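No value in this document is a laboratory result; all are computed from the given coordinates. Quantities reported herein were computed from a predicted structural model and do not represent experimental measurements. All Cβ positions, even for glycine, are placed from backbone atoms using ideal geometry, and neighbour counts span all protein chains on display.
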Amino acid sequence: MSSHKLSFGTINILKNNLAEVIVDEGVVMDEVMIDEYHDFLLNTLDVPFALLVNKKNSYTYTFTAQKNIVHLNEIKAIAVITKTSGAVMSTETLINVNGNINSNIKLFQERQSGLTWLNDQLS
């Protein structure tokens, strides 16, 4: 596993087509950060790829960032690890803002359950 620090958080490469995303506490994700995020994923991972979004920290998005975050055709599946009701609500809002653009997003309370599901999606 390799770990990469970006301006907004850390991306851990778990496999050549699977990454864990951890956004830092208090970050406000904007469109510049989303571009950095997407560029990193496209230049680092084999496509199609899957993402494990670990929402262990509290952060927000600008509206433009919300609209662009899941708009990558190369994303096959996203598992979001949510341990609080606030994290669940913010993730559901993000999905709804995008009109369920990527219907292959699933929420989990446990990291291992999310990883198992993602590996199934990739196989």
Using only Cα atoms, what is the ratio of the radius of gyration of the chain to 2.2 N^0.38 Å?
0.95
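Just subtract the alpha-carbon distance of residue 73 and residue 89 from 0.36 nm times their residue separation and send over the number in nm, one decimal. Don't skip to the end; give the middle numbers.
Working: separation 16, 0.36 × 16 = 5.76 nm, distance 2.45 nm.
Gain on extension, residue 73 to residue 89, equals 3.3 nm.
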Picking from 23, 6, 80, whose Cα lies most toward the positive end of the charge dipole for the chain (charges on Cβ: Lys, Arg +1; Asp, Glu -1)?
80
Need the list of lysines near residue 83 for cross-linking: C-alpha distance under 20 angstrom, and skip anything on the same chain fewer than eight residues off.
55, 56, 106
Quick one: compute the contact order of the chain, relative version, from alpha carbon pairs under 8 angstrom and 6+ residues apart, as a percent.
22 percent
Spin-label pair residue 109/residue 43, simplified geometry with 7 Å Cα→Cβ offset, distance in nm:
4.0 nm
